1. May I ask you to list pairs of residues, at least six apart or on different chains, whose Cβ atoms are under 9 Å apart, with the first in the range 165-190 being farther than 14 Å from I152 by Cβ and in a loop (DSSP other than H, G, I, E, B) and the second being open to solvent by 100 Å² or more (accessible area, probe 1.4 Å) and modelled with pLDDT under 90?
2. When the range 168-190 is examined, which residues are found to be loosely packed, with under 10 Cβ neighbours inside 10 Å and either modelled with pLDDT of 90 or more or among the charged types (D, E, K, R) (or both)?
3. Could you tell me which of the residues D97, D129 is more than 20 Å from E47 (Cα to Cα), within 23 Å of the chain's Cα centre (by Cα), at pLDDT 90 or above and exposed (fewer than 15 other Cβ atoms within 10 Å of the Cβ)?
4. When the range 132-164 is examined, which residues are found to be within 30 Å of G34 (Cβ to Cβ), open to solvent by 60 Å² or more (accessible area, probe 1.4 Å) and either not in a loop (DSSP other than H, G, I, E, B) or not polar (S, T, N, Q) (or both)?
5. Would you say I64 is touching a Gly at 6+ places or on another chain (Cβ under 9 Å), on the phi < 0 side of the Ramachandran plot and among the β-branched types (V, I, T)?
6. In the range 26-46, which residues are free of Cβ contacts under 8 Å to residues at least 40 places away in the same chain and closer than 16 Å to S93 by Cβ?
7. In the range 150-167, is there at least one residue being modelled with pLDDT of 95 or more and within 27 Å of A20 (Cβ to Cβ)?
8. Please state which one of L23, L30, L35 is touching a helix residue (DSSP H, G or I) at 6+ places or on another chain (Cβ under 7 Å), more than 30 Å from S114 (Cα to Cα) and at pLDDT 95 or above.
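The values are calculated or read from the model by the stated rules, or taken from the named source; none is laboratory data. Just so you know, these numbers come straight off a predicted model, no measurement behind them. All Cβ positions, even for glycine, are placed from backbone atoms using ideal geometry, and neighbour counts span all protein chains on display. All accessible areas refer to the heavy atoms of the entire protein, side chains included, with ligands and DNA or RNA removed. Shrake-Rupley method; radii C 1.70, N 1.55, O 1.52, S 1.80 Å.
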Amino acid sequence: MENDIELAAALHGHLSPGVALGLKMGWIGLKLLGLKKGDKRLFAIVETPLCLADGIQAATGCTIGHASLRVEDFGKIAACIARSDTKMGVRLSLRQDKLPQNVIDWATRKRKLSHEEEKTIVNEIMGLDEAAFTVERVFVEPFFSFEISNVIKCDECGEWVLENRVIRINGRKLCKSCSRARYYNILSTP
């Protein structure tokens, strides 16, 4: 666990309350699923794009690069740790009635906290047990499978794309960007 804490702090830049919470959620999820960190059957979904993801990554070994970690921004302090072989998992969120007041103040952003207060909250979070979390047993589809897929060129832009990720429109094979599902707007091209 000490190595996980050091890794999480290194990934994030410091051990914030959110990172500590991600560590706790990850460890509890592993325990409840009966798996160890780095198990290839693990995947995790974090419901906020903030600190929590770094703690989950350090605790579970799930990473974006291994397609085993994803952020679904629901704006919640919650995470799901699951098994790809059974599609069963656990979704963890905070039980407000089981938290120290400092943790509630941090989670609800009641006020700006000093570094000393954050350290105190980190320690309080690290001391939480499973009773501080709502644990839901869930069925969840893995978001990526490692099946072999051909690489083809998009009929619009010519960029390479996995064939199992193309969007077919009017007989054309388009990447997500060319199907108008892009996350960016082109300003200029060279």
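1. R182/K176; Y183/K176
2. Once the filter is applied, which keeps residues that are loosely packed, with under 10 Cβ neighbours inside 10 Å and either modelled with pLDDT of 90 or more or among the charged types (D, E, K, R) (or both), the range 168-190 yields N170, G171, R180.
3. Selected residue: D129, the only one of D97, D129 that is more than 20 Å from E47 (Cα to Cα), within 23 Å of the chain's Cα centre (by Cα), at pLDDT 90 or above and exposed (fewer than 15 other Cβ atoms within 10 Å of the Cβ).
4. E136, R137, F139, E141, F144, F146, E147, I148
5. Here the answer is no, as I64 does not meet what is asked.
6. Within the range 26-46, W27, A44, V46 meet the criteria.
7. Checked against the condition, which is being modelled with pLDDT of 95 or more and within 27 Å of A20 (Cβ to Cβ), the range 150-167 yields no hits at all.
8. Just a single option satisfies the conditions, and that option is L30.
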